[in-house]
Amino acid sequence: MDIREPTKLELNEIITLSPQAILDGTLGEIKPTNEKVKQLIEPLLEKGSSYIIATENNTLMGWILIGTSKDQFTDKKYGFIYELYVLEEFRGNGISAKLMNKGIDQLQKEGHSEVRLSAFAGNHAIKLYEKLGFSIRTVSMSLQV
């Protein structure tokens, strides 16, 4: 398995698959259009965020999108994991952990002493995040009225 930056062709494949990634990551709550995905991702890439992908035999298996964010209260910059996704047929093989470790290493090399991420309650990936040392920092709550 190769863990590396994507080619332009692979980047286009990621953007095409991203609506499904967001649907899965939000437990079916959000189903964005391809246009909305581009509106979300393009500004991140323009500001220096980057993808790291997992491939085998030139087949895309999954990706992580990492970058820099800033705390709204302290203005402190930190590394942020915007997206982690492994295609369904490749799940259960440790690809997520490899992508996370590579992403965290990259953010650390860029000078970040802290890495944050957000996840929907009930997302199975939370177990992986906890195993890697992440802990709950804030809780977002919702009330349907």
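The values are calculated or read from the model by the stated rules, or taken from the named source; none is laboratory data. Note that the structure is a prediction, hence the values are computed from the model and not measured. Cβ sites come from the backbone with ideal geometry, for glycine too, and all protein chains shown count toward neighbours. Areas reflect the complete protein model, heavy atoms only, side chains present, ligands, DNA and RNA absent. Shrake-Rupley method; radii C 1.70, N 1.55, O 1.52, S 1.80 Å.
Remark: the chain projects, on average over all directions, an area of 9.6 nm² (convex hull of Cα atoms).
A simple spin-label model places pseudo-atoms 7 Å from Cα toward Cβ; at LYS109 and LEU143 they are separated by 4.7 nm. Using just its DSSP H runs of length 4 or more, each adding -39500 (n - 2.57), the chain gives a mean residue ellipticity at 222 nm of -11500 deg cm²/dmol after division by all residues.
Averaging the Cα positions of each part gives two centres, and for the stretch 57-92 and the stretch 13-36 these lie 14 Å apart.
For the set ASP2, ASP71, the ranking by accessible area, highest first and with no ligand, DNA or RNA atoms included, is ASP2, ASP71 under a 1.4 Å probe. Rounded to the nearest 10 square angstrom, THR74 shows an accessible area of 100 square angstrom against a 1.4 Å probe.
Could you work out what % of the accessible surface of the chain is carbon and sulfur, using a 1.4 angstrom probe and leaving DNA, RNA and ligands out of the count? Exposed carbon and sulfur together represent 50 percent of the surface.
The order of PHE80, PHE120 by accessible area, most exposed first and with a 1.4 Å probe, is PHE120, PHE80. Global dimensions of the stretch 28-101 from alpha-carbon coordinates: Rg and Dmax equal 14.2, 45 Å. For LYS8, the lysines whose Cα comes closer than 29 Å to its Cα, not counting residues fewer than 8 places off in the same chain, are LYS31, LYS36, LYS38, LYS47, LYS70, LYS77, LYS98, LYS102, LYS109.
Figure note: LEU9, LEU128 ranked by solvent-accessible area, largest first, 1.4 Å probe, ligands and nucleic acids not counted: LEU9, LEU128. Computed from backbone phi with θ = phi - 60° and the Karplus coefficients 6.51, -1.76 and 1.60, the 3J(HN,Hα) list for the stretch 14-31 is 4, 4, 5, 8, 4, x, 5, 4, 5, 4, 5, x, 9, 6, x, 7, 10, 10 Hz; x is used for glycine and proline. Phi angles across the stretch 116-127 convert, under the Karplus curve 6.51 cos²θ - 1.76 cosθ + 1.60 with θ = phi - 60°, into 3J(HN,Hα) values of 10, 7, 10, 8, 6, 4, x, 5, 4, 5, 4, 4 Hz, Gly and Pro given as x. Rounded to 0.05, the FRET efficiency of the LYS127 and ASN93 pair, given R0 = 22 Å and the Cβ-Cβ distance, is 0.90. Under a Gaussian network description of the chain, with springs only between Cα atoms under 10 Å, the residue in LYS31, LYS102, LYS127 that fluctuates furthest is LYS127.
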